[in-house]
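The values are calculated or read from the model by the stated rules, or taken from the named source; none is laboratory data. Because the structure is predicted, anything quoted here is derived from the model rather than measured. A quick note on method: Cβ atoms are made from the backbone with ideal geometry, for glycine too, and the neighbour counts reach across all protein chains shown. The protein model used for the area step is the full one, side chains on, heavy atoms only, and it has no ligands, DNA or RNA in it. Shrake-Rupley method; radii C 1.70, N 1.55, O 1.52, S 1.80 Å.
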Amino acid sequence: MSSMTRPRRESDFARFPSSTPIVIDNGASTFRIGWAGETEPRVAFRNVVQRPRHRSTGETVSIVGDTDPTLMKFFDCTRSAVRSPFDDDVVYQFEYMEYILDYGFDRLGASSEVGHPILMTECECNPSFSRARMAELLFETYGVPSIAFGIDNAFSYKFNQKLGNCGEDGLAISCEHGTCHVVPFLKGQPVLGACCRTNVGGFHVTDFLRQLLSLKYPYHTANFTWEKAEELKKEHCYVALDYLSELQIFKNNKEEAEEKTRYWQLPWVPPQKEEPPSEEELARKAALKEKAGQRLREMAAAKRSQKIVELEKQLSYLEELTEQLDEAEESEATAILGRSGYLSQQEIKSAIVKATQSLRKAKGESNGNEEKADASGADKYPLVSVPDEELTPEQLKEKKKQILLKTTTEGKLRAKQKRAEEEALREKQEEQKRAENPELYLEELRARYSELSEKSEQRKRQKVNGGQTNGNHGSSGGVGRGERLNAAQKERMRLLASAAFDRGKGEDTFGMRDEDWLVYNKMSKDNDDDGNDDDESELVRIASKLQEIDPTFVSKSEAVQLTPEPPKVRPLTAEDYRIAIGIERFRCPEVLFQPGMIGIDQAGIDEMVSISLRRLMEDESVKQRLCQSILVTGGSSLFPGMIPRLESGIRQYRPYLSPLKLVRAADPILDAWRGAAAFGASSKFGKQTFSLADYREHGENLFHRYNIVYSL
């Protein structure tokens, strides 16, 4: 239900004498309190409690009844759920009940002790312990002189009997918040031994509606609050006369189903369309971009100037160091080298060459013939040509490194030159084939392209799924890392294992021979995939050749890139924010007649009438008289179509052509309180109460036999 206005505090509490009873309709949905003899309750609010924390002070506060959304923003409600003192219309949580009674008496105008007799409604066959705890709470906390408990359905039936809506003998069908009851009345009094109860009510209808809408529109779950679901239930739900026939209408007849469907439009703001920028905006962005580029260029120029200064200083220092070494003797030269950090004069000259090249590059000058610079191996590897006898131990280690680098570089240059010669020869041969027979040449290219593409796809699958070993060709999982290694990776691992095994056997002479670099060539990343990179480059080359000869050719990689990807997330439109309530309108109230729809294995309210009549030990004539005066009360009886559906359902359990009359209460919601208020104002009320002395004398045993006599 939607948030109602919080009740104001009454100011005329002291005007009523202490003998005037206070009437409380303690319903599971709504708490109503007022004075006996009046026609309307003074205060009414939701029978719930919430205890959130204040965001600024951290203090826990108790909020009873309906909440004001404008005030709740100051409280943290994430750890505080809405609590009810009821469980299936029986009060169990008396801590919350005390909060509710405090608030109710305060709104009625009571300041300290209440001091008035209390008439409180309860459900049928309320347990004795619940009555005892409620009486103890009212006596000891609020100081009431006497108490009387009565059944809400009985008060509603007696009030409608006074209005002439039902007879002295009849049935009361009560569809309440958490339960439904059927109570037979004989000679104006309820026969509690024949009453029937099922634990399904308006709460379950609302909760079922909220669940159905949340499953139907999962991206709007936050909008389906309990209050909104209660509001939608009251506005749109109805009871179908024939549930299966109504389902067929929504299945087959689209026009009639559309007429019965209701829509709820959620707030939706259309996304703003981006307008193309104006000329002024483009000019402004261009100016900002140019300004940022100019700032970056200035920073780069300053950095380059700083680097030039540093290189010039370094070059000047190296030249001075070279002059000192040329003029110094051998012993002094060794000391100078030790202080400078260089190993030899050749290394200083090599550093001068590098600094000179870096300085020219920083100034934007040409470095000259790079091949000539590469040819001067003596400058890059100065220790290679120096005899071992003239070198220190540190210089010998550096010499080994230079030998390794030199042989590796020379080997790579030779391999590169060899590949270039082979490529030129292959290009020449292909041109001859193309000139002799173009069609055959194109066919061979296509065949070669298909072969390489298949090999590439196979390698990719092996990397993802692993190798298929042990004859298990249908399995794609459970493959270890060793089974995914190709030949090149296994060879590299063998070389590493051999190097580790041979470590420490004799003198370490690795790198002294020119062919030692071949080990690193085998272990290098370039050959990690056993020629995979060569195949990929060959595939790219053949694809370019095919595109040159056949303009309609499209490579597989380009075909994958050209395929448009479907959008992953569809933008929500106004239609997505339109909530359709169709079949849910009658499916949710159907749980009152078929509780099994929500997993409750109990009888529906139409079958409960038959069960209650069977429990009644009377002849058939009495049962026929009862069926001619059936009163339907409670909040859930307000569903459109409830009376015809109940009449149709009850007739299935009654004899053929048996008389049957159902009538809805004058006010299904307030008649229980009005009947209790009329009973409290009668002269017989004082004889139906019990005092604190009676409770202390008899204890809980008092409530085992306590039942009032209903008369208005």
| request: Return yes or no: is residue 210 open to solvent by 70 Å² or more (accessible area, probe 1.4 Å), of a type in the set (D, E, K, R) and closer than 24 Å to residue 67 by Cα? | output: yes
| Does any residue of the range 77-86 turn out to be open to solvent by 60 Å² or more (accessible area, probe 1.4 Å), among the polar types (S, T, N, Q) and closer than 26 Å to residue 200 by Cβ? | no
| task | Check every one of the helices (runs of 4 or more DSSP H) wholly within the range 594-704 and list those with 2 or more residues that are farther than 25 Å from residue 159 by Cα and open to solvent by 30 Å² or more (accessible area, probe 1.4 Å). | result | 605-615, 620-627, 642-651, 692-698
| query | So residue 46 clears everything in (1) among the basic types (Lys, Arg); (2) under 25 Å from residue 148 (Cα atoms); (3) open to solvent by 60 Å² or more (accessible area, probe 1.4 Å) except one condition, right? Which one? | reply | (3)
| query | On the given criteria, is residue 17 over 35 Å from the mean Cα position of the chain (by Cα), without any contact (Cβ under 8 Å) to a residue 24 or more places away in the chain, over 22 Å from residue 204 (Cα atoms) and assigned by the TED database to the domain that holds residue 137? | reply | yes
| field | Scope the range 125-180; condition part of a helix (DSSP H, G or I), among the acidic types (Asp, Glu) and in contact with an Asp or Glu (Cβ under 7 Å, 6 or more places away or on another chain); matching residues | value | 152
| Hey, any hits in the range 681-703 for a residue that's touching a strand residue (DSSP E or B) at 6+ places or on another chain (Cβ under 6 Å) and either outside the structural domain of residue 32 (by the TED database) or not polar (S, T, N, Q) (or both)? | no
| query | Looking at 297, 360, 284, which one is over 60 Å from the mean Cα position of the chain (by Cα) and open to solvent by 60 Å² or more (accessible area, probe 1.4 Å)? | reply | 360
| said: Can you confirm whether residue 289 is open to solvent by 90 Å² or more (accessible area, probe 1.4 Å), closer than 30 Å to residue 340 by Cβ and among the basic types (Lys, Arg)? | reply: no
